[in-house]
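Take a look at the structure below.
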Amino acid sequence: MTRTPPSAADLQLIHACCDQGIPLKPSRLATWRKYGLIPSPAPVYLGGRRGSQRRYPPGTEHQVAGLAVCDLLHPRMSPFDLVLLAFFAEMPLPFLPTVPLKAALALAYFDSRPQRQDEEQRAFDAIPVGWRDELPADFNWAETQAELEFKQEPAHVRQMRANLKRLPGLARATREQLDARVHGVLTTLNRACLPVEDTDAMADLKAAMAFDGPPARSRAAWMYASICHAEQLAVRRETSGVERFDALMALENSELLHFRELALEALNAMYTSASEGRLQRFEIRSPDHARMAGGLLVEWNSVRHVVDAGARPAQLTRDALHSLWSACSHAGGGGEGRAAFAARTAGRRSAPRGNC
């Protein structure tokens, strides 16, 4: 198929990028225009016999250069992934059109939810009806979440299994026996409230967390558990997908920038903890990472209505980890002091409240 040669306006943008060492194909410009990532050139009257010429609005060169740099990270990514990646790479918001950006955020958050809900429903339906009727509803759904966690064998599941095997009574346990105990721990963490009155469940949770051991053995387990426990501590309010979508569309630019800061702060805090304090910044350099950050941003737009004024997601997660440590410490006693634990889990130094 014969391609239409680039216009004079497009050539001007392409040459401007090339002068900065940034390759750019005309087809990418056409795609970005189609999805509203960049404006269309408008006719500009040149005066006299020269007539008019189509030109891009002022600032488009900087806008295109920023998009082109991000586009080089993953060539041929979708326009929605590109605008999301550019946003979390902290490209100035005036250079990013708000409508495509909000569409990308909505896609990152809502697109995976139906599939996840279908998986949850199938796992829930797999529980025998007799058992479902005998147990609390939150327990059944917690078991469903636990079942889904086992499918991918993530790091936190492996760490919980290894930590449980450290118990004298489980040193010779089979993989099946250990998995049953890990499944119980995951169920405990996904219930509506932490069942502190269940001594057996709390004992397994304490062993699986291994708060008294080297952080490298449990960091992924701590991060997963703190996120789950933060939800257990939160005030619950039912919202629909329509409400969340409308709330996203209603965000002002200033709110989008503030929520971007909070999402990046939360990811940086988790990254610092996961790396034992060696790394401070989580670089958003892939569509997967950008979609994860986008999901955090949209979720926070709902969560902020049921938390204390001035709360920040990174601080809520860390507070939940300390709360979990406290609950496990009382389940059998012993262990290091809170100050020592806080220093270890914050990258060998304790951060003041509200800063991460």
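What distance in nm separates the simple spin-label points at Ala155 and Glu238, each placed 7 Å from Cα in the Cβ direction?
Simple spin-label model gives 3.8 nm for this pair.
Take the Cβ-Cβ distance between Lys34 and Ala8 as r, set R0 to 30 Å, and report the resulting FRET efficiency rounded to the nearest 0.05.
Working: r = 19 Å, r/R0 = 0.65.
Working from the Cβ atoms, E equals 0.95.
Any chance you could run the full-extension gain for Ala309 through His62? It's 0.36 nm times the residue separation minus the Cα-Cα distance, nm to one decimal. Walk me through the numbers on the way to the answer.
Values: separation 247, 0.36 × 247 = 88.92 nm, distance 3.70 nm.
Gain in length upon complete extension: 85.2 nm.
Could you tell me the calculated FRET efficiency between Asp212 and Arg278, based on Cβ-Cβ distance and R0 = 25 angstrom, to the nearest 0.05? It would help to have the intermediate numbers written out before the result.
Values: r = 22 Å, r/R0 = 0.88.
FRET efficiency, Asp212 to Arg278: 0.70.
By how many nm would the segment from Leu107 to Leu93 grow when fully extended, if each residue of separation counts as 0.36 nm and the alpha-carbon distance is taken off?
On the way: separation 14, 0.36 × 14 = 5.04 nm, distance 1.89 nm.
Taking Leu107 through Leu93 to full extension adds about 3.2 nm, to one decimal.
Give, as a single signed number, the net charge of other residues whose beta carbon lies under 11 Å from the beta carbon of Ala210, with Lys and Arg counted +1 and Asp and Glu -1.
Details: positive: Lys165, Arg166, Lys206, Arg217, Arg219; negative: Asp212.
Counting the neighbours of Ala210, the net charge comes to +4.
Just to verify a number: FRET efficiency for Arg175 and Glu197, C-beta to C-beta distance, R0 = 30 Å, to 0.05?
After rounding, the FRET efficiency stands at 0.50.
Which whole-percent values make up P(r) of segment 150-271 when all C-alpha to C-alpha distances are grouped in 5 Å steps starting at zero?
2, 10, 16, 17, 17, 12, 9, 8, 6, 3, 1, 0
Given 0.36 nm per residue, what is the gain on full extension from Ser286 to Ala250 after removing their alpha carbon distance, in nm? Please report the intermediate quantities before stating the final value.
Values: separation 36, 0.36 × 36 = 12.96 nm, distance 2.69 nm.
10.3 nm is the gain from fully extending Ser286 to Ala250.
Coordinate-derived values only; no laboratory data. Source: prediction; values computed, not measured. Cβ coordinates were reconstructed from backbone atoms using ideal geometry, including for glycine residues, and neighbour counts include every protein chain displayed.
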